[in-house]
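The values are calculated or read from the model by the stated rules, or taken from the named source; none is laboratory data. None of these values were measured; they are calculated from a predicted model. Glycine also receives a Cβ, built like all others from the backbone with ideal geometry; neighbour counts cover every protein chain displayed.
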Amino acid sequence: MEYIINKDICEKYNLTPDECLVLITLIKEENPSKIIESLIQKGFVSRSVLDENIYITSDSVKDLVTAVLIESKPKALMQEQEITELAKEMQEIFPKGRKAGTTYYWRCSLLEVTRKLKTLIGKYHATLERDKVIAATRDYVQSFNGDYTKMRLLKYFILKAGKDSDGNTVIYSDLMSRLENEGQENLTSSDWTDRVI
């Protein structure tokens, strides 16, 4: 079953998207406390020690729900096996071992890499062509000429969220930047002036 909840449509009926989600749950399940108890038993939710009417979820549960939402989108589902294979190929291009001075591995885990690719496809509607992604990844790694001190980990090469000076979330994707600007890497200033004159 698939639900699409539009914020503007909810407002038209004096609802928030969250309220609409709760209503869907109440309509589907006459006793929502059963659902909560099931989630507690499975370890997805816990009760607050200060107030048993407040329920707490961990960051890993939030990540899990995000993954479910992203992977449930048809575009991501259609390419499950392709995404896994692409992630493995990208890992092979990145150097082995850890980034100097950190405990983080250049290639990250297959789960992390596939999740980033699925997020690009499912959440940001990116179209990824295997050959172009592999070429962009190879060019990115080779551009550092073996000095990887300023190179991003593979998962952050694909997608990284950060904050700007005002605290707003900013999305970075070196992969998408390279794909969208393909063919411009070797355009030097002299090439540009030759073409303008």
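For residue 10, which of the numbered conditions (1) surrounded by 13 or more Cβ atoms within 10 Å (Cβ to Cβ); (2) in contact with a Pro (Cβ under 6 Å, 6 or more places away or on another chain); (3) closer than 30 Å to residue 111 by Cβ; (4) not small (Gly, Ala, Ser) fails to hold?
(3)
Looking at the range 152-179 only, could you name the residues that are more than 16 Å from the chain's Cα centre (by Cα) and closer than 12 Å to residue 136 by Cα?
Passing the criteria: 178, 179.
Any residue that is outside any loop (DSSP other than H, G, I, E, B), within 14 Å of the chain's Cα centre (by Cα) and not β-branched (Val, Ile, Thr) - is there at least one of those in the range 136-151?
Looking only at the range 136-151, we keep the residues that are outside any loop (DSSP other than H, G, I, E, B), and these are 136-142.
With the extra rule that they be within 14 Å of the chain's Cα centre (by Cα), the set shrinks to none.
No; the residues of the range 136-151 include none that is outside any loop (DSSP other than H, G, I, E, B), within 14 Å of the chain's Cα centre (by Cα) and not β-branched (Val, Ile, Thr).
Does residue 96 satisfy the condition of being surrounded by fewer than 11 Cβ atoms within 10 Å (Cβ to Cβ), in the same structural domain as residue 116 (by TED's automatic domain parsing) and either within 26 Å of the chain's Cα centre (by Cα) or of a type in the set (Phe, Trp, Tyr) (or both)?
Spelling it out, residue 96 is indeed surrounded by fewer than 11 Cβ atoms within 10 Å (Cβ to Cβ), in the same structural domain as residue 116 (by TED's automatic domain parsing) and either within 26 Å of the chain's Cα centre (by Cα) or of a type in the set (Phe, Trp, Tyr) (or both).
Which pairs have Cβ atoms under 7 Å, sit 6 or more apart or on different chains, and link a residue in the range 112-137 that is within 19 Å of residue 152 (Cα to Cα) to one that is surrounded by fewer than 18 Cβ atoms within 10 Å (Cβ to Cβ) and hydroxyl-bearing (Ser, Thr, Tyr)?
Sorted first by the residue in the range 112-137, then by its partner, the pairs are 114/84.
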